[in-house]
Amino acid sequence: MKNCLLFAGLWCLLLTNGLLAQTPEPKPVAKPAAKAAAPRQVIEEAAAKLEPTRTVIYKKVGERELRLDIFEPAGHKPTDRRGCLIGIHGGGWTSGEPRRFYTFADHFAKQGMLCVSLQYRLLDKAKGVTPFECVKDGRSAVRYLKAHAAELGIDPAKIAVAGGSAGGHVAAGTALFDGVDEATDDLAISSTPAALVLYYPVIDTGPQGYGMTKCGSKWKEISPVDHVLAGVPPTILFHGTGDTVTPFAGAKRFDEAMRAAGNRCEFHENDGGRHGYFLYDQTLYETTLRQTREFFKSLKLLD
């Protein structure tokens, strides 16, 4: 009996070991590949170190105050009559901040212009803020600067507006969207600037462009490419042919519409350039600044 029990125990042990030997070891679970870090923009480090000379409140909406971050040239005086540049950051109307335009403002202030980086409302469905409200803020800012030109030391006839991406849309809107105005604005003061600088802008808000859903059923009322008429201020436009965010085709249509209407449009195409292409390459960034400077000099906005 003992021998039988011993034999049975040995048999079970051998069988168990055999089964374990046949069971493959679990394979290590592969770790998901690390997400590639977003490419760093060449302006980020410099912008983080910059601060405006001063700020002013240009508009109040309910309890909300909206500001202009001002960069004054060295030795600037209220009695000056300098050219002025308003810069408007991008972010799809949903993100971004004035600091994103600080390097541009700092650069052109050193060239002799009084420069402003604009704070504007961002999309907020609960508060009824749409791209229309963003445009209203841009138009209000131009009117504020013109109304306060004497105390700011600028020439109201020498105000240029620049913007990147959705900021480019707001910039274009200062000249193109008559009637999209804040109820509190003084409409006797024109919001149209002396020049537009459009960096990879949202230029078509229709089905083939960007922002149709955000703009809503009235998207065509604030689609720049659909509002080009004679008399639009001289414009310089930068866009990459590989831009899939704000498609290049819209920028091309805008340039063609401007020329057909007899307006000046200086179009700089970057072959294969992605959205915001020059922000990722120091040489392209410096080239863009130089081309913008030359544009301003041609209009006598910059001495």
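Among the listed residues L145, L68, identify the single one that is in a helix (DSSP H, G or I) and buried (at least 18 other Cβ atoms within 10 Å of the Cβ).
Of the residues listed, the single one that is in a helix (DSSP H, G or I) and buried (at least 18 other Cβ atoms within 10 Å of the Cβ) is L145.
Hey, A261 hits all of (1) over 15 Å from the mean Cα position of the chain (by Cα); (2) surrounded by 19 or more Cβ atoms within 10 Å (Cβ to Cβ) but one; which does it fall short on?
(2)
Any residue in region 228-245 that is within 20 Å of the chain's Cα centre (by Cα), part of a helix (DSSP H, G or I) and over 26 Å from L302 (Cβ atoms)?
Within region 228-245, not a single residue is within 20 Å of the chain's Cα centre (by Cα), part of a helix (DSSP H, G or I) and over 26 Å from L302 (Cβ atoms).
Identify, from the list A126, A183, the residue that is more than 24 Å from G206 (Cβ to Cβ), of a type outside the set (D, E, K, R), at pLDDT below 95 and over 20 Å from the mean Cα position of the chain (by Cα).
Result of the check over A126, A183: A126.
Got a number for residues in region 206-224 being farther than 18 Å from G90 by Cα, surrounded by 18 or more Cβ atoms within 10 Å (Cβ to Cβ) and touching a residue at least 24 places away in the same chain (Cβ under 8 Å)?
Of the residues in that region, 0 qualify.
Are any of the residues in region 199-219 touching a Cys at 6+ places or on another chain (Cβ under 8 Å) and either farther than 27 Å from Y144 by Cβ or part of a loop (DSSP other than H, G, I, E, B) (or both)?
yes
Residue by residue through region 71-107, note down the ones that are closer than 16 Å to T55 by Cα and in a strand (DSSP E or B).
If the condition is that a residue be closer than 16 Å to T55 by Cα and in a strand (DSSP E or B), then F71, C84, L85, I86, G87, I88 are the ones that fit.
Considering only region 110-139, state which residues are in a strand (DSSP E or B), of a type in the set (A, V, I, L, M) and surrounded by fewer than 24 Cβ atoms within 10 Å (Cβ to Cβ).
Matches in region 110-139: V129 only.
The values are calculated or read from the model by the stated rules, or taken from the named source; none is laboratory data. Model, not experiment: these values are computed from the prediction. Glycine also receives a Cβ, built like all others from the backbone with ideal geometry; neighbour counts cover every protein chain displayed.
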